[in-house]
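J.: A single structure is presented below for examination.
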Amino acid sequence: LMAKASSLLHHLAKSIGDPGELLSRVNDEICESISHGMFVTLVSGFLDTTKATISFSNAGHQPPLFHNRRGEFEEIKASAPPIGIVPATEFPVETIHLNGGAVYLFTDGITESYDENKKFLEVDGLIKLIEINSKLSLSDRLERIVSKIRNSSTDQHDDITLMIIECK
């Protein structure tokens, strides 16, 4: 399923410039060809560096976090079901003006990893890690956050994926 979804995204993104339309087309293709009960979650986004905006649509994935330049966090809630659940689904598009802020996209392997107290990190724990490392460069911040998660979580069974998007 992941290979098919990845292939469809790669192929269709070349000709579709709207993240909601892209997810809708991928969803229709997946719904036609997979077994009932299989699905995939994902966020599709388009970054406009000239306007410092990111437009994205969410298909049941972990809600991205927007950390604005004032230090405030906003969780961008999931706006539609996962890919493969409901045919002919519309996927709303949200546009965020980065204005010196950053968007954090992550898998549940991040929030379901364990902290040093052997409790789930959850979104609040990720926010704390971002705050602690917010003054670092993007690459150093990414490395520190992922390293802290890997070092605290000895029984990691899920993938750990974290993407940071900022436009200064």
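J.: Considering only the stretch 12-46, state which residues are under 16 Å from Leu98 (Cβ atoms) and either exposed (fewer than 15 other Cβ atoms within 10 Å of the Cβ) or in contact with a helix residue (DSSP H, G or I) (Cβ under 6 Å, 6 or more places away or on another chain) (or both).
T.: Taking the stretch 12-46 and keeping what is under 16 Å from Leu98 (Cβ atoms), we get 19, 43, 45-46.
Within the stretch 12-46, Gly45, Phe46 qualify.
J.: Given the condition acidic (Asp, Glu), farther than 26 Å from Ser7 by Cα and out of contact with any strand residue (DSSP E or B) (no Cβ under 6 Å at 6 or more places or on another chain), answer yes or no: does some residue in the stretch 86-95 qualify? Can you show your working first?
T.: Taking the stretch 86-95 as the starting set, the residues that turn out to be acidic (Asp, Glu) are 90, 94.
From what is left, the residues that are farther than 26 Å from Ser7 by Cα are none.
No.
J.: (1) in a loop (DSSP other than H, G, I, E, B); (2) within 17 Å of the chain's Cα centre (by Cα); (3) within 14 Å of Val86 (Cβ to Cβ): which one isn't true of Met38, the others all being true?
T.: (2)
J.: Continuing with the same structure: All but one of (1) in a loop (DSSP other than H, G, I, E, B); (2) more than 12 Å from Ile85 (Cα to Cα); (3) of a type in the set (A, V, I, L, M, F, W, C) hold for Leu23, so report the exception by its number.
T.: Every listed condition holds for Leu23 apart from (1).
J.: Report, by residue number, each residue of the stretch 1-20 that is small (Gly, Ala, Ser) and in a helix (DSSP H, G or I).
T.: Ala3, Ala5, Ser6, Ser7, Gly20
J.: Given the residues Ser35, Ser44, Ser57, which is the only one that is without any contact (Cβ under 8 Å) to a residue 60 or more places away in the chain, within 14 Å of Ser6 (Cβ to Cβ) and of a type outside the set (Phe, Trp, Tyr)?
T.: On the way: Ser35 fails: within 14 Å of Ser6 (Cβ to Cβ); Ser57 fails: within 14 Å of Ser6 (Cβ to Cβ).
Sole residue among the options that is without any contact (Cβ under 8 Å) to a residue 60 or more places away in the chain, within 14 Å of Ser6 (Cβ to Cβ) and of a type outside the set (Phe, Trp, Tyr): Ser44.
J.: Identify, by number, the condition in (1) over 24 Å from Asn133 (Cα atoms); (2) buried (at least 19 other Cβ atoms within 10 Å of the Cβ); (3) not acidic (Asp, Glu) that Ile110 doesn't meet.
T.: The single condition Ile110 does not satisfy is (1).
Laboratory data are not the source of any read-out in this text; all were calculated from the coordinates shown. Quick caveat, the model's predicted, so the values are computed rather than measured. For neighbour counting, all protein chains shown are included, and Cβ atoms are generated from backbone atoms with ideal geometry for every residue, glycine included.
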